[in-house]
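The values are calculated or read from the model by the stated rules, or taken from the named source; none is laboratory data. Since we're looking at a predicted model, the values are computed, not measured. With ideal geometry, Cβ positions are generated from the backbone for all residues, glycine too; neighbour counts draw on all protein chains shown.
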Amino acid sequence: MSSVDSCQLLAEIYGDDLIENASKLLKEFQAVLLLGPPGTGKTVLGRCLAERLNAMLREVSVHGWFSRMDLIGGYVLQGGETVWKDGVVLEAVRRAETAALSQYYSCPKFFIEVTRDEKHVGRILWSPAKLHYKYMTEVKQGDCVIHAVEKKVERSRRTEKVLVGISRVKNSYKVWEGEDLKECLKKLGSPQEYYSGILNKNKYYVVELEGYTLFTREVTTREVEEKVCISLTGYLGQIKDRGKALEILRLGFQKVEGRAPVLILLDEINRGEPERFLAEVFTALSTPDKKIELGHEAGTVDLNNVYFVATANTADIGVLGGLGFALQRRFKRVVLTPRKEHVEKALRYFRFGDELLTEAVELWQRIEDCIRNSSTIRPEDYLPGWAYFVDYARLRREGFERAEACRNVFGIYDERFGCNVCERQS
């Protein structure tokens, strides 16, 4: 499933709200715990969150011997000497420091887009064809667009523009019909009021964007105008001139020290002892400077712009008790609960036919009935996620008989709960 668009797949199955809520929690607290039975897409959601943050992703499979040395680093003996060895976090941070904004050094021209809709930021740039012809024809492949969002000022009626990130222009403009633009904005999750004025009979210029990089914090255009040097993932210079179309501001851009966002995905965290290897992370994330002291001569590691996503399997006995209060307090929980409609949506997304869809839904119903008849467990912790049924449908499409495909995928439910669902597939 690695070639699949993680965010698009999950949006089809769960809707945009799951991704949006998880993104907000991660941006605010830098640590999120994804809970659910196997096959619900926890790891897929972790990859999607990295995509949303445009973060450098580092996936780690946690095991029983996973330690602080593996995560942060530590001293090891090498050639008779004690030397420092980087762990997962330090390796990722050092790579991110060299990668920050490298894709934007050669931008021939910079534009800024101001919008009220944060959901489509970094994906497309559009304007009515008649009104903004000159502006849109100036935007060429390879140029960069800095994204500003118009936000309401706290305790005030006024709004202000804050810069949130930067994209590269994927191609020169194309002319779209209003109906096509509306459909695209709907898929991106834009609210209806944002595109309600688009007329189907009119034409619009559309530019696709790619490589969205999120700034480490929002910056007001006022800060830029006052020539304040902001240490983000780069430096925003003073505004050279103002365009009129869509309140476009054209900016200079140059690199200073910075670091791309990093997302550490700790898969199956319940297999290890997180309080031991995450203790320093817990402390650092609760302090203003968010730094971990590494020890003599090793310096510090700065966790600003480093995000942690952990997945935990609720079907493993005692998973929540095993994780402990310290982790559950600092990692904000996002729960993925299996539903029959998720199975249907997943199979339709992967374009399986109605016959396989009917088989999969019947299987789901039998497994659900069996598990709910067990009085000793919480059913939602054990119901199979949609990915199980995608695997089943793939085996069936490859020519496996129903019973054989069922035993390969759902055998554990027959063994653990005595469901006998696969025998009834014969």
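If we only count helices (runs of 4 or more DSSP H) wholly inside the stretch 348-426, which ones have 3 or more residues that are more than 19 Å from Thr314 (Cβ to Cβ) and small (Gly, Ala, Ser)?
Working: elements: 354-372, 386-397, 402-417.
So the answer is 402-417.
Taking the numbered list (1) within 25 Å of Ala284 (Cβ to Cβ); (2) modelled with pLDDT of 90 or more; (3) touching a Lys or Arg at 6+ places or on another chain (Cβ under 8 Å) in turn, Gly36 passes all entries but (1).
Considering only the stretch 48-68, I want to know if a residue exists there that is over 22 Å from Lys290 (Cα atoms), among the small types (Gly, Ala, Ser) and modelled with pLDDT of 85 or more. There is at least one residue in the stretch 48-68 that is over 22 Å from Lys290 (Cα atoms), among the small types (Gly, Ala, Ser) and modelled with pLDDT of 85 or more. Checking each residue of the stretch 65-77 against the condition of being among the aliphatic types (A, V, I, L, M), more than 13 Å from the chain's Cα centre (by Cα) and in a strand (DSSP E or B) gives at least one match.
Go through the stretch 76-85 and count every residue that is over 15 Å from Val301 (Cβ atoms) and either touching a strand residue (DSSP E or B) at 6+ places or on another chain (Cβ under 9 Å) or touching a residue at least 24 places away in the same chain (Cβ under 8 Å) (or both).
Here is the first cut: in the stretch 76-85, the ones over 15 Å from Val301 (Cβ atoms) are 76-83.
Restricting the remaining residues to those that are either touching a strand residue (DSSP E or B) at 6+ places or on another chain (Cβ under 9 Å) or touching a residue at least 24 places away in the same chain (Cβ under 8 Å) (or both) gives 76-78, 82-83.
Residues that pass the stated criteria total 5.
Inclusion of Arg333 among residues that are of a type in the set (D, E, K, R), within 30 Å of Thr287 (Cα to Cα) and assigned to a helix (DSSP H, G or I) is not warranted. Applying the criterion of being touching a helix residue (DSSP H, G or I) at 6+ places or on another chain (Cβ under 9 Å) and not in a strand (DSSP E or B) to the residues of the stretch 299-312, the residue that is modelled with the lowest pLDDT is Asn305. Any residue at all in the stretch 191-210 that is among the small types (Gly, Ala, Ser) and surrounded by 13 or more Cβ atoms within 10 Å (Cβ to Cβ)? For the stretch 191-210, residues among the small types (Gly, Ala, Ser) and surrounded by 13 or more Cβ atoms within 10 Å (Cβ to Cβ): absent. Residues that are under 17 Å from Val169 (Cβ atoms), of a type outside the set (Val, Ile, Thr) and at pLDDT 65 or above within the stretch 80-115 comprise Cys107, Pro108, Lys109, Phe110, Phe111, Glu113, listed in sequence order.
The condition of being closer than 30 Å to Leu25 by Cα and at pLDDT 95 or above holds for only one of Glu341, Glu380, that being Glu341. Within the stretch 266-298, track down each residue that is in a helix (DSSP H, G or I) and of a type outside the set (A, V, I, L, M, F, W, C). Of everything in the stretch 266-298, those that are in a helix (DSSP H, G or I) and of a type outside the set (A, V, I, L, M, F, W, C) turn out to be Asn270, Arg271, Pro274, Glu275, Arg276, Glu280, Thr283. Taking the stretch 125-223 and the helices (runs of 4 or more DSSP H) fully enclosed by it, the elements with 2 or more residues that are modelled with pLDDT of 85 or more are at 178-187. Restricting the stretch 352-390 to residues that are under 24 Å from the mean Cα position of the chain (by Cα) and over 19 Å from Glu415 (Cα atoms), the residue that is surrounded by the most Cβ atoms within 10 Å (Cβ to Cβ) is Trp386.
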